[in-house]
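The structure appears below as structure tokens.
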Amino acid sequence: MYILKNAWISIKRNKGRNILIGIIILIIACAATVTLAIKNTARDLINSYKSAYDKEVTIGFNRENLMKDFNPGQEENREEMKDRFQNIGNYTISDVEKFADSKYIESYYYTYSINLNGNSIDKAEIEVEDNRFGRKDNQSNYDFTVTGYNSMDAMSEFITGTYQISEIVDNAWDVAFDGNYVFINKELADYNNLKLNDKITLEDDDGNTYQFEILGIFEEKESEDNMSMFSNSVNTIVTNSSAVNDITNSNENIQGNVRPTFIIDNYDNVEKLQEEFYSKGLDSNYILQTNEDLAMSGTSSIKNINSFSTTFLIITLIIGGIVLFVINMINIRERKYEIGVLRTIGISKFELTLQFVCELVIVALISLSLGAGIGAVSSKSISNNLLENEISNSQEKTEEIGRNFGKEGRVGGDFKGKGMPVVQAYTSIDAVVDVKVLVELLGIGLSLVLVSSIASMVSIQRFSPLTILKERS
Amino acid sequence: MANKTILSIKNASYRYSDADSNDYALKDISFDFEEGKMYAIRGRSGSGKTTLLSLISGLERCSEGQIIFDGKDLKDINLDKYRNSDIGIVFQSYNLLPFMSASENIILSMDVNGLKIADKKKKAIELMEKVGLKEEYADRKVLRLSGGEQQRVAIARSLSYNPKMIIADEPTGNLDKQTEKEILDIFEKLAHEEGKCVIIVTHSANVCAKADKVFDLKKHN
């Protein structure tokens, strides 16, 4: 107890030096608080990006494996490659359901596509033989590709903004996933003079007909093929997967194409999941692909700010540590006589070291508290300024997805409409100085104080009290 | 009847760590010190007086030989504890902490010893009065005291935990004759009335005259 008392007496006695130490630690504490708050915020944002995109896994060809030994110059080799591709085993919806029954998978969705011909409507096509661009629009054998989605999460074209609803019936999304309802391209609607709630009929190769009601009309943005009369999706008819499933169930000659997307708990489990899929019958020419790169692509600026903050903190700590080191060494030299007297009257080296450490820790704790307070006040505005772009980007993204699905106006806060993909929208970023930041600050501050005082503490151990007192005499 | 021997120095030698193997600051010293007596150790400059004092007070350990305090070899005991419990040290230059008052210096020594008494300040004032200092000096910063007063504070500090032995290094070296006499009277009382062993390293003939026994240190070689 007397060590604390002595420490406090010494702090009061050496006001000038302790105020100087306090100011240095205060500056470090402010910088550290703001930096840690920014880092935490950036980490939250990155996590938010990850969660906004979900951890998706899709099934794709293992091209590297398939193209192994491929020599395009040899006709035989080309035929062999063709056989190799054709012999890759297909997978069905029941396979997908089997794959999805895994501890690594949180949820899944899929698209189910088939090809049908028009019955009551015509395919949007303009036949131009040998036109000046040497090309023809739409070379498919069928009129239409009917793509069924099992949930809004599966409607990636709408999420990314490739498709955007331009007209929609009221409460369309309440019924869109159950029944013979479709969304069609605006160009196709114009071509066939169709409007909302009109009914269209399609037919398969065997002459069976299927009737659908139009719930919405969409436009394709930024079509990849700008040299075409129509957009790529002009003859794509969007419906739900159960409608497609009903068609394939009613006619086994229709081959459907399933494209599943699995939401996993952790990207680290992809390899294990892939092994599990193979064991459940997935052809080894397929591999699992993730959206990790895409999910993280928007975080580069945040990462830059994060790494800048870290560098700034490290530099502040190094400079602050050096200054504290020098002050501590001067402190010990100035107080040699006191050390000599205390050692002579029986204070052990350990107790003496403890007293000096206590002095520093008391000053540090006061400064760290003040620094945390000042840092807490300033960190929010600093973080918001630094991360301003991220805030506006996240807001724009939310609004854009809302528009793509035909929801007018801004969709604020957590964008969780009926079956809507989850995207976090920020109006501001709260760089909160929470308990975690305070603990980190305390750890950094005290570590810095202790590390910078190690040399002076070692020198205490080496002082001979008799020598000190002789010098004094 | 002989008093109990409290400290025995047996063939003690001391050589500085950086000195040649035969270059001893102190060589083959043997003394016995009893409770209730005042001893003077005298010798010319360089004879090793201060070195002997530092060995007795546990600030250094002897290179050869033994120093036995109350039956225990100093090599085997915690010397910090020894200094803040068993012996009191008084220096020529007082070695008080200048930023503390007289009573605070004494109380600090009690704190280091771990003394558990309710009113340490009262005890400090009693000790000050015992060495001839009035209560009004208690809160005075030691730098505002005269040399004799400071030395009295230093003696009071050394008595604060009631040690068995007082070791003083030229305690009257900076004092006038009258003060020297008063300080020596205090030491004499401590030895003869309170039964403490008082060892004074000195040049002073007056100290030697008062001492029950005088040891002469001669320079080695």
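The values are calculated or read from the model by the stated rules, or taken from the named source; none is laboratory data. Bear in mind that the values here come from a model prediction, so they are computed numbers and not experimental data. Glycine also receives a Cβ, built like all others from the backbone with ideal geometry; neighbour counts cover every protein chain displayed.
Answer yes or no: is there a residue in segment A:21-37 that is crowded, with 18+ Cβ neighbours inside 10 Å, touching a strand residue (DSSP E or B) at 6+ places or on another chain (Cβ under 8 Å) and within 27 Å of A:Asn304 (Cα to Cα). Walk me through it before giving the result.
Just the residues of segment A:21-37 that are crowded, with 18+ Cβ neighbours inside 10 Å, to begin with: A:21-22, A:24-26, A:28-37.
Okay, now just the ones that are also touching a strand residue (DSSP E or B) at 6+ places or on another chain (Cβ under 8 Å), so none.
Scanning segment A:21-37, I find no residue that is crowded, with 18+ Cβ neighbours inside 10 Å, touching a strand residue (DSSP E or B) at 6+ places or on another chain (Cβ under 8 Å) and within 27 Å of A:Asn304 (Cα to Cα), so the answer is no.
Taken over segment B:93-103, the criterion of being over 15 Å from B:Gly147 (Cα atoms) and either of a type in the set (Phe, Trp, Tyr) or at the interface with chain A (Cβ under 8 Å from one of its Cβ atoms) (or both) is satisfied by B:Phe99, B:Met100. Can you find, within segment A:343-356, the residue that is farthest from the other protein chains (Cβ to nearest Cβ) among those that are surrounded by fewer than 21 Cβ atoms within 10 Å (Cβ to Cβ) and hydrophobic (A, V, I, L, M, F, W, C)? Filtering first and then ranking leaves A:Leu354. Any chance segment B:188-209 includes a residue that's polar (S, T, N, Q) and assigned to a strand (DSSP E or B)? There is at least one residue in segment B:188-209 that is polar (S, T, N, Q) and assigned to a strand (DSSP E or B). How many residues are within 13 Å of the chain's Cα centre (by Cα), touching a residue at least 60 places away in the same chain (Cβ under 8 Å) and assigned to a loop (DSSP other than H, G, I, E, B) if we restrict to segment B:38-58? So the answer is 1.
Going through (1) surrounded by fewer than 18 Cβ atoms within 10 Å (Cβ to Cβ); (2) within 28 Å of B:Glu194 (Cα to Cα); (3) not hydrophobic (A, V, I, L, M, F, W, C) one by one, B:Asp28 falls short only on (2).
Matching residues to (1) away from chain B (no Cβ under 14 Å); (2) more than 23 Å from the chain's Cα centre (by Cα):
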{"position": "A:Tyr2", "(1), (2)": "no, yes"}
{"position": "A:Asn6", "(1), (2)": "no, yes"}
{"position": "A:Asn14", "(1), (2)": "no, yes"}
{"position": "A:Ile19", "(1), (2)": "yes, yes"}
{"position": "A:Ile23", "(1), (2)": "yes, yes"}
{"position": "A:Ala31", "(1), (2)": "yes, yes"}
{"position": "A:Ile38", "(1), (2)": "yes, no"}
{"position": "A:Asn47", "(1), (2)": "yes, no"}
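As a summary of the residue check, A:Tyr337 satisfies the conditions (1) crowded, with 18+ Cβ neighbours inside 10 Å; (2) touching a Lys or Arg at 6+ places or on another chain (Cβ under 6 Å); (3) within 14 Å of chain B (Cβ to nearest Cβ) except for the one numbered (1).
So is A:Thr310 more than 14 Å from chain B (Cβ to nearest Cβ), at negative phi, assigned to a helix (DSSP H, G or I) and among the polar types (S, T, N, Q) or not?
yes
Here is a check on your reading of the model: is A:Ile217 at negative phi, in contact with a strand residue (DSSP E or B) (Cβ under 7 Å, 6 or more places away or on another chain), modelled with pLDDT of 90 or more and not in a strand (DSSP E or B)? Taking the combined requirement at face value, the residue does not satisfy it.
This table checks each residue for (1) crowded, with 17+ Cβ neighbours inside 10 Å; (2) polar (S, T, N, Q); (3) at pLDDT 90 or above.
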{"position": "A:Gly89", "(1), (2), (3)": "no, no, no"}
{"position": "A:Lys98", "(1), (2), (3)": "no, no, yes"}
{"position": "A:Glu106", "(1), (2), (3)": "no, no, no"}
{"position": "A:Tyr109", "(1), (2), (3)": "yes, no, no"}
{"position": "A:Ile121", "(1), (2), (3)": "yes, no, yes"}
{"position": "A:Met152", "(1), (2), (3)": "yes, no, no"}
{"position": "A:Phe158", "(1), (2), (3)": "yes, no, no"}
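Among the residues of segment B:132-148, write down those that are without any contact (Cβ under 8 Å) to a residue 40 or more places away in the chain and assigned to a helix (DSSP H, G or I). Result: B:Glu135, B:Glu136, B:Tyr137, B:Arg144, B:Gly148. Of the candidates A:Gly281, A:Gly256, the single residue that is crowded, with 16+ Cβ neighbours inside 10 Å, at pLDDT 85 or above and small (Gly, Ala, Ser) is A:Gly256. Just wondering, is there one or more residues in segment B:60-68 that are within 22 Å of B:Glu170 (Cα to Cα) and within 15 Å of the chain's Cα centre (by Cα)? Scanning segment B:60-68 turns up at least one residue that is within 22 Å of B:Glu170 (Cα to Cα) and within 15 Å of the chain's Cα centre (by Cα). Scanning segment B:86-114 for residues that are touching a residue at least 60 places away in the same chain (Cβ under 8 Å) and surrounded by 19 or more Cβ atoms within 10 Å (Cβ to Cβ) turns up B:Asp86, B:Ile87, B:Gly88, B:Ile89, B:Val90, B:Phe91, B:Gln92, B:Tyr94, B:Leu96. Pairs meeting the criteria (first residue in segment A:424-446 and over 19 Å from A:Gly22 (Cα atoms), second residue at pLDDT below 70 and part of a loop (DSSP other than H, G, I, E, B), beta carbons under 7 Å, at least 6 apart or on different chains) are A:Gln424/A:Asp414; A:Ala425/A:Gly412; A:Ala425/A:Gly413; A:Ala425/A:Phe415; A:Ile429/A:Leu387.
Residues that are closer than 24 Å to A:Gly443 by Cα and basic (Lys, Arg) number at least 1 in the following helices (runs of 4 or more DSSP H) confined to segment A:6-96: A:15-53.
Checking each residue in segment A:6-17 for being surrounded by 15 or more Cβ atoms within 10 Å (Cβ to Cβ) and under 17 Å from A:Leu354 (Cα atoms) picks out A:Asn6, A:Ala7, A:Ile9, A:Ser10, A:Ile11.
Selection over segment B:115-151 of residues that are under 26 Å from B:Val201 (Cβ atoms), surrounded by fewer than 19 Cβ atoms within 10 Å (Cβ to Cβ) and within 14 Å of chain A (Cβ to nearest Cβ) gives a count of 2.
Can you name every residue in segment B:72-96 that is part of a loop (DSSP other than H, G, I, E, B) and either among the basic types (Lys, Arg) or at pLDDT 90 or above (or both)?
The answer is B:Ile77, B:Asn78, B:Leu96.
Restricting segment A:414-473 to residues that are outside any helix (DSSP H, G or I) and within 14 Å of chain B (Cβ to nearest Cβ) leaves a set whose member that is modelled with the lowest pLDDT is A:Ser473. Close Cβ contacts (under 7 Å, 6 or more residues apart or on different chains) running from residues in segment A:98-118 that are among the charged types (D, E, K, R) to residues that are part of a strand (DSSP E or B) comprise A:Glu106/A:Ile263; A:Glu106/A:Ile264.
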